[in-house]
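Peer 1: Have a look at this one.
Read-outs: derived from the displayed coordinates by stated rules, not from any lab. Just so we're clear, the structure is a prediction, and the values are computed from it rather than from any experiment. Methodologically, a virtual Cβ is constructed for each residue, glycine included, from the backbone with ideal geometry; neighbour enumeration extends over all protein chains shown.
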Amino acid sequence: MRLIIHEVPGEGIGPLTAYSGGDTTFAMKEKVLVVEDDATLRETLVYNLTREGYEVSAARDGHNAVAAAREKAPDVIILDVMLPGIDGFEVCRVLRQEMSAPILMLTARDDEVDKVVGLEVGADDYMTKPFSMRELMARVKALLRRVRLIREEVAAEQQPPITRTVETDEPLVFGNLVIDQARREVRLDGQPAKLKPKEYELLLFLARNRGIALSRDLILERVWGWTHDGGSRTVDVHVRWLREKIEPDPANARRIVTVRGIGYRFEG
C-alpha cells in the first residue's frame, strides 16, 4: 500500500504545547490529522486549521488515515464517516485501540444511529455536515484543551504532593481579604467587594489552590467547564477584572501573580 498524505506546514505562531526537560522549556505546535475524501472540504479544513497555527496532515481514505495516524501521532483527529476503503467507524475503532487522541467525526447524515455508533466505537465528538467552520474550530480547541489537561494531570502525579486548602464552607481569610463561601461573598477591609459570579468562582478556585501555579487551560476547564468555546484570553480578562477589585495596585499584582508561560498563582 502506498501512503498518500497531503501535508500543509503551520504558519506563524499558533497553538503551542509547552514541555519541560531539565532546565529547558520548549514548545511544539499541536498536530491535527484531517481525514476527508471530499477534496474541496479537505483542503478547506487544512487551510483553516493551518491558519489557526496547527501542524496539519491530511488523508483521503481509511487505509491512509490509519497509516497517517500511526506515523504522525496527532493530538486530535477530524474523521469523516463515509470514506473509500474502510469507513470512518472502522478507522475510529482501530485507532481507538492504539491511541488516545480525541476523534471528532463528521457525517453528511443527520442520523441519530450514526452518532450513537460513532460514540460507541470511540469518537469523542460528532458534527453533521454542513457545519460552521467557526464551531468546528471551537470544538477542536476544546478537545485539545482536554489533551493538555490530561498531560498536566499526569505530570502532576509524578511531582511531590502539594497541600491544598480543604474544600469546606468555612471562610477563607487572607489578611484583609475574606472569601465567605457560605454566603458566596467576598469582603475587602470589611466591605463587600462587588464581584460578578464568574469572578467569584475564579477567585475561589485560585484561593483553594493557594501557592500553586495553575495553567490557563486548567483554570478555564475548572471555572468555565468543558463546553466553554472561548480560549485562554477569557481567563486573562477575568483575572484583570479581579485584580482591579482586590489588588491595592492592579498593575503590580501581589495576590494573583502571573506565572510566565503557564498561568497564574494565588499568593493570598
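Peer 1: Residue-wise, which Karplus ³J(HN,Hα) couplings in Hz belong to region 62-73, taking 6.51 cos²θ - 1.76 cosθ + 1.60, θ = phi - 60°, and x for glycine or proline?
Peer 2: Going residue by residue, I get x, 4, 5, 4, 4, 5, 5, 5, 5, 6, 8, 6 Hz, with x marking Gly and Pro.
Peer 1: Measuring from label point to label point, each 7 Å out along Cα→Cβ, what is the ALA138 to ARG260 span in nm?
Peer 2: Result: 3.5 nm between the two label points.
Peer 1: Please name whichever of SER232, PHE174, ALA213 sits farthest to the positive end of the charge dipole of region 172-266, dipole taken about the Cα centre and charges placed at Cβ: Lys and Arg +1, Asp and Glu -1.
Peer 2: The listed residue farthest towards the positive side: PHE174.
Peer 1: Could I ask something else about it? Take every Cα-Cα distance within region 24-149, group them into 10 Å bins from 0 onward, and report for each bin the whole-number percent of pairs it holds.
Peer 2: Reading the bins upward from 0: 13, 50, 32, 4, 1.
Peer 1: Ok, one more. Mean shadow of region 172-266, computed from the convex hull of its alpha carbons, in nm²?
Peer 2: Details: hull surface 23.7 nm².
Projected area, direction-averaged: 5.9 nm².
Peer 1: Another one. If I take R0 = 30 Å and measure r between the Cβ atoms of VAL178 and GLU98 in this structure, what FRET efficiency does the formula 1/(1 + (r/R0)^6) give, to the nearest 0.05? Before the final figure, lay out the partial values.
Peer 2: Numbers: r = 52 Å, r/R0 = 1.73.
In this case the efficiency is close to 0.05.
Peer 1: Follow-up. With a cap of 11 neighbouring Cβ atoms within 10 Å, and only residues DSSP puts in a loop, list the trypsin sites (Lys or Arg not before Pro) found in region 167-202.
Peer 2: Details: sites: ARG183, ARG184, ARG187, LYS194, LYS198; in loops: ARG183, ARG184, LYS194.
The qualifying sites are ARG183, LYS194.
Peer 1: Additional query: Which lysines have a Cα lying under 17 Å from the Cα of LYS31, excluding residues fewer than 8 positions away in the same chain?
Peer 2: Excluding near neighbours in sequence, the set is LYS72, LYS141.
Peer 1: Here is a follow-up. Under the 0.36 nm per residue contour assumption, what length would be gained going from the current alpha-carbon distance of ARG70 and THR128 to full extension? Present the calculation step by step, with values, prior to reporting the outcome.
Peer 2: On the way: separation 58, 0.36 × 58 = 20.88 nm, distance 2.61 nm.
Stretched out fully, the ARG70 to THR128 stretch lengthens by 18.3 nm.
Peer 1: List the relative contact order of region 172-266 as a percent without decimals, with contacts defined as Cα pairs under 8 Å and 6+ residues apart. Numbers along the way, then the final one.
Peer 2: On the way: 107 pairs, mean separation 25.8, N = 95.
Computed over region 172-266, the figure is 27 percent.
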